[in-house]
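Student: Got a structure here, written out as structure tokens. Questions coming.
The values are calculated or read from the model by the stated rules, or taken from the named source; none is laboratory data. Because the structure is a prediction, the values reported are computed rather than measured. Backbone-built Cβ (ideal geometry, glycine too); neighbour counts: all protein chains shown.
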């Protein structure tokens, strides 16, 4: 009987000890660590998704659309919801035939996220066939989502390429300098031309939505929403019809045409040829195509209208004549004696025509502004 009592007492002590340990652990989890586990549970159940703004449209002076946004579908991935990232990426490469460059770019964007559970762009502008493949294999791709987003499109890409510029994917350097809140969910930014200069006005402000998800990360319902603010539309002084005429006149030859209203400084046309398809740069131009543009002897990426440096030639003659009239060096009735050579003041050397006689008139026409120029000091001409 005594042995039974001892055993019963030991059993009670063991039960009480285990119960105490269990209660202690329960208190620790439910009270001490309540805030931490509550936050983790909320993160698993509730997700905050950025809502990118619609980029502002660009019009010419007559309201003709020059840059628009077309609906497209992008593929994003949340690392925290993927069981095996390497296997998932390998499957996506197989399904969508993604190049290695896009996987490397995704890894960079994923590491640079501002917070956990934030989707990172994997690829953009999905085709209908790619979307169908993803739908069939949806059960094998937790954490992978298809999101609709407008994509920049230029209806007259080659004609407007140098004037408008283009947008492209945000790179690592740009990401570090941007306002994370304003650009949340945004994958594109103005790279050159008007698109870059007016980025502040064209971009807009990103919004947010809070959604409830299930254990597989699928959205069940929307809990809260802050709508994005679209970018401002931009109306240029350019005239599309005049721009097209200038492009046709150049006829694919190397050159540029700029039409300006003298009284206001408004630019009606600004063309540089040859041009290029700026739509290639929006989603990311492939290496071979970009190398082809760079190695093209006609330099299609070079904006001759604003970056080219050319000697003025005879175009300066009217300005020299006007300067001479203003400064009183010549009058409308002035004549220049042509002895068959030119001689600098206080110099005995005579500069004669070394070409055949048939060229004398042309050469003298080219030299005729020299006496006027030498009489007007440089600062007076300026």
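Student: Could you run through the range 287-328 and say how many residues are touching a residue at least 24 places away in the same chain (Cβ under 8 Å) and either assigned to a loop (DSSP other than H, G, I, E, B) or in contact with a strand residue (DSSP E or B) (Cβ under 7 Å, 6 or more places away or on another chain) (or both)?
Tutor: 9
Student: Could you pull out the residue among 216, 221, 225 that is modelled with pLDDT under 95 and either out of contact with any strand residue (DSSP E or B) (no Cβ under 9 Å at 6 or more places or on another chain) or at positive phi (or both)?
Tutor: Answer to the selection: 216.
Student: May I ask you to list the residues in the range 139-155 that are within 30 Å of residue 258 (Cβ to Cβ) and surrounded by fewer than 20 Cβ atoms within 10 Å (Cβ to Cβ)?
Tutor: 153, 155
Student: Is the range 238-248 home to any residue that is surrounded by 13 or more Cβ atoms within 10 Å (Cβ to Cβ), at pLDDT 95 or above and part of a loop (DSSP other than H, G, I, E, B)?
Tutor: yes
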